[in-house]
Amino acid sequence: MDPAYDELERRSRYLSSLVRRTRLADPPQPEPEQEQEPEPKLKVVPKPAAEPSDGDGKGGKAEVKERAVKAKGQGATNGEERKVAVRVRAADMPLPLQRRAIWIAREVVLATPRLESKRLALALKKEFDTTYGPAWHCIVGTSFGSYVTHSLGGFLYFSVDKAYILLFRTAVEPLSHP
């Protein structure tokens, strides 16, 4: 076999084992139907047409209001509620997928006392790869630059507290072996 293919397979097995261990360490709690409804909802407020653009080229796009989400998480001390500020910065993604990404990110942030960027990126990527198909990529950090090409309807840039998250999908084309 091709050494590059073997390396990709090895890495894929390693990432899958990490996900399994993470799920075993933090088993997901069954969610009643009533609790799925209050997932983070995005309130989209369109900018008025007469309002001048702020110079960043996003004059006609919708703007999402910042909100604070109260949640009881393991990161909260003495059972107190911990507020998590969530803000969508840019999106080319259907609202149900946005809500899912925000919900997953919020749960991971609340489950850890401090930001673990790799764990958050892994959780989002694996969830989206298994649920919505392959080729999802996730970048998490407090300061990074990017320039990416994404598939139509597969881009979300948002923040949860001080973590900035870029989630996007690329096109996958099968390789033709000679």
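The values are calculated or read from the model by the stated rules, or taken from the named source; none is laboratory data. Everything quoted here is computed from the prediction, not taken from an experiment. Every residue, glycine among them, receives a Cβ derived from its backbone with ideal geometry; neighbour counts consider all protein chains shown. For accessibility, only protein heavy atoms count, side chains too; no ligands or nucleic acids. Shrake-Rupley method; radii C 1.70, N 1.55, O 1.52, S 1.80 Å.
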Next item on the list: Working only within segment 84-106, note down all residues that are open to solvent by 20 Å² or more (accessible area, probe 1.4 Å) and without any contact (Cβ under 8 Å) to a residue 24 or more places away in the chain.
Entry: 96
Check: Name the residues in segment 134-149 that are open to solvent by 50 Å² or more (accessible area, probe 1.4 Å), under 15 Å from residue 92 (Cα atoms) and either part of a strand (DSSP E or B) or modelled with pLDDT of 95 or more (or both), would you?
Finding: 137
Item checked: Qualifying positions in segment 150-168 - closer than 14 Å to residue 92 by Cβ and open to solvent by less than 70 Å² (accessible area, probe 1.4 Å) -> 150, 151, 153, 154, 155, 156, 157, 158, 166, 167, 168
Next item on the list: Give the residues of segment 67-105 that are among the charged types (D, E, K, R), touching a Gly at 6+ places or on another chain (Cβ under 9 Å) and modelled with pLDDT of 95 or more, sorted by residue number.
Entry: 92
Margin query: Being among the charged types (D, E, K, R), closer than 27 Å to residue 5 by Cβ, open to solvent by 70 Å² or more (accessible area, probe 1.4 Å) and without any contact (Cβ under 8 Å) to a residue 12 or more places away in the chain is the requirement here; does residue 116 meet it?
Written below: no
Notebook entry, point to check: Does residue 176 count as of a type in the set (Gly, Ala, Ser) and part of a strand (DSSP E or B)?
Noted result: no
